Amino acid sequence: MAPPTATPHVLLVPFPAQGHALPLYDLAALLAARGLRLTVVTTPGNAAQLAPLLAAHPDSVRPLVLPFPSHPSLPAGLENTMNCPPVYIAVFIHALAALHRPILAWARSQPAHPVVAVVSDFFCGWTQPLAAEIGVPRVVFTPSGVLGTAVPHSLFRRLVKRPVGCDDGFPVAFPAIPGEPAFEWREISMLYKAYIEGLVEEQVGESLKQNCLWNLESWGFVSNTFRALEGRYLDAPLEDLGFKRVWAVGPVAPDTDAAGERGGEAAVAAGDLSAWLDAFPEGSVVYVCFGSQAVLTPAMAAALAEALERSAVPFVWVVSGDGVVPEGFEARAAAAAKRGMVVRGWAPQVAALRHAAVGWFMTHCGWNSVLEAVAAGVPMLAWPMAADQFVNARLLVEDAGVALRACAGGAGVAPDAGELAAVLASVGEKGSGARARAKELAADAAIAVRSGGSSYEDLERFVQEIQKL
């Protein structure tokens, strides 16, 4: 009789940001359900986020809790980027590399269950040399789409600079990407601009560059996307991703979030929000949320509030972190036939987007929000702020046809309230194409993750490759 085959043991290393860690935990659940043994690196301040995953897969998922590395530029006790200034993200990328040695020591102490592969966030490029020291391949997990991953890697690969004398409208072309997209300098990742323009200390900047270059040395990329959404970027290996294989396995998030607390304790119960939405006709409400990272300036919040009032559309506006709402706005919205609700804090977004009354989603175009809207069949009003969001907005508006541009966007840039009100008021007239396409794409997303679907099959192939190691 042949000896029993050992269960493959995979080390997962998330980046401590909601938009990065949550989809990696979702992927972990899918891998555990397919028989893999997983160890997930975390720190004391982030360990609680693992509780649902550990409860669902107690026999196959284990945490590796390590002290968060200290850094002089980070406040003591800060272990997650939620509601942090964007500059801290660069420091997090640099500081987390200090986990290399303790993880290596742990890996070498596992003779009974040796690690066969490392799967880590694309902001954890330092795990590439770590995996090499362990003697196993590393796979990059991309919480962004393929296009949103290829663009920043192209920048760091080519070291594109804005010519002296050019303003933020300077166009940057990406000739190696299908369709040869171009973006204005103002739309380029702040992390890249911080590096190339010397806006961060030298060691931090070098960590940003090396992070991307290490990713290009990996075994391949696992991306939270699907073919019906990004097929043109999956048909052939991309030079800007080192011609590496990409397994498109998304959407990885579960279909439902009954408690409404995915990623945090909800400020309003999903049932209460649903009951409030029940009073509105199908497709009439605009859901407004800009994720856990972006915080509107007072001028941006004032423009949005004025636009919501002038357009008279029913709305739910989620205000996260230290976000502000103009004085008196919330009371006026509640008094005006109770047509507006302001939620301060974390919201049950999955439940909200799947309610029949919600017809549009005004979003910063963060990838998790994008996929939640796509899965729910809700068209989007794109208001990108930073990071990959301008790239995602282009994908949604120009490639997929499931979004309209709410405004030009940009962190700290307040739109014209009248123009924004006109967009909100006209979605019924001008948004029929986006609404229809959103329903089609939702069906495609559901098919992709079912048995026989493109994402299901890519995930199966990825697990089979792990099992061969």
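Near the amide H of Val172, within less than 5 Å, lie the amide hydrogens of Phe183, Glu184, Trp185, all on another chain or at least 5 residues away, with H placed in the peptide plane. Across the accessible surface of the chain, with the other protein chains kept in place and a 1.4 Å probe, carbon and sulfur atoms take up 55 percent. When the Cα positions of Ala422, Ala275, Pro298 are compared along the charge dipole of the range 270-429, Ala275 comes out farthest toward the positive end, with charges on each C-beta of Lys, Arg, Asp and Glu. The mean sequence separation of alpha-carbon pairs under 8 Å and at least six residues apart, normalised by the residue count of the range 134-189, gives a relative contact order of 25 percent. 3J(HN,Hα) along the range 359-364, derived from phi through the Karplus expression 6.51 cos²θ - 1.76 cosθ + 1.60 where θ = phi - 60°, amounts to x, 9, 10, 7, 9, 6 Hz, with x in place of Gly and Pro. Summary of the geometry: the range 270-308 and the range 100-155, compared by the centres of their Cα atoms, lie 37 Å apart. Helix 454-467 and the long axis of the chain differ in direction by around 20°, with both axes built from C-alpha atoms. What residue among Pro86, Phe361, Pro44 has its Cα farthest toward the positive end of the dipole of the chain, where the charges are +1 on Lys, Arg and -1 on Asp, Glu, each on the Cβ? It is Pro44, whose Cα lies furthest towards the positive end. Of Gln210, Ala117, His20, which is farthest towards the positive pole of the chain's charge dipole, taken about the Cα centre with +1 and -1 on the beta-carbons of Lys, Arg and Asp, Glu respectively? Of the candidates, Ala117 comes out farthest on the positive side. Between Glu419 and Arg34, the distance separating the two model label sites (each 7 Å from Cα on the Cα→Cβ line) works out to 4.5 nm. Across the range 122-132, computed HN-Hα scalar couplings (Karplus, 6.51 cos²θ - 1.76 cosθ + 1.60, θ = phi - 60°) run 6, 8, 10, x, 4, 6, 5, x, 4, 4, 5 Hz from first to last residue, x flagging Gly and Pro. Rolling a 1.4 Å probe over the protein heavy atoms gives the range 93-148 an accessible area of 31 Å² per residue. Taking 0.36 nm per residue of sequence separation and removing the Cα-Cα distance, the Leu213/Ala55 pair yields an extension gain of 53.3 nm.
With semi-axes defined as the square roots of five times the eigenvalues of the C-alpha gyration tensor, the equivalent ellipsoid of the chain measures 36, 25, 22 Å, largest first.
Full extension of the chain segment joining Ala6 with Glu206 gains 68.0 nm, where the gain is 0.36 nm per residue of separation less the Cα-Cα distance.
Placing a label point 7 Å from the Cα of Ser451 along the Cα-to-Cβ direction, no residue of the range 16-40 has a backbone N closer than 13 Å. Taking the Cα centre of the chain as origin and assigning +1 to Lys and Arg Cβ atoms and -1 to Asp and Glu Cβ atoms, the resulting dipole is close to 720 debye. Per-residue accessible area (protein heavy atoms, 1.4 Å probe) orders Ser144, Ser274 as Ser274, Ser144, starting from the largest.
With 0.36 nm allotted per residue and the present C-alpha distance subtracted, the Ser70-Met190 stretch has 40.9 nm of extension available. About the centre of its Cα atoms, the range 306-424 shows a dipole size close to 360 debye [charges on the beta carbon of Lys, Arg (+1) and Asp, Glu (-1) only; nearest 20 debye].
Amide H to amide H, with H built 1.01 Å from N, Thr43 comes under 5 Å of Leu66, counting only residues 5 or more places away or on other chains.
For the chain, what's the relative contact order in percent, using C-alpha pairs closer than 8 Å and at least 6 residues apart? Value for the chain: 15 percent.
Surface listing: Lys193, Lys338 arranged by accessible area from highest to lowest gives Lys338, Lys193, probe 1.4 Å. Could you tell me how many degrees, from 0 to 90 and to the nearest 10, lie between the Cα long axis of helix 298-311 and the main elongation axis, the longest principal axis, of the Cα atoms of the chain? Compared with the principal axis, the helix lies near 50 degrees. Taking a spot 7 Å from the Cα of Arg101 along the direction of its beta carbon, which residues of the range 116-134 have an amide N less than 16 Å from it? Residues 130 qualify, since their backbone N sits under 16 Å from the label point.
Non-local lysine pairs in the chain, meaning eight or more places apart or on different chains, with alpha-carbon distances under 21 Å, amount to 6.
Helix 202-215 and the long axis of the chain differ in direction by around 70°, with both axes built from C-alpha atoms.
Compute the FRET efficiency between Ala182 and Asp235 as 1/(1 + (r/R0)^6), taking r as their Cβ-Cβ distance and R0 = 25 Å, and round to the nearest 0.05.
Step by step, r from the Cβ atoms, then E = 0.75.
A Cβ-based charge dipole, computed about the Cα centre of the range 277-357 with Lys and Arg at +1 and Asp and Glu at -1, lands at about 120 debye.
The values are calculated or read from the model by the stated rules, or taken from the named source; none is laboratory data. What you see is a predicted model; the values in this text were computed from it and never measured. Cβ: placed from backbone, ideal geometry, glycine included. Neighbour counts: every protein chain shown. To get the accessible areas, we keep the full protein, side chains included, count just its heavy atoms, and leave off ligands, DNA and RNA. Shrake-Rupley method; radii C 1.70, N 1.55, O 1.52, S 1.80 Å.
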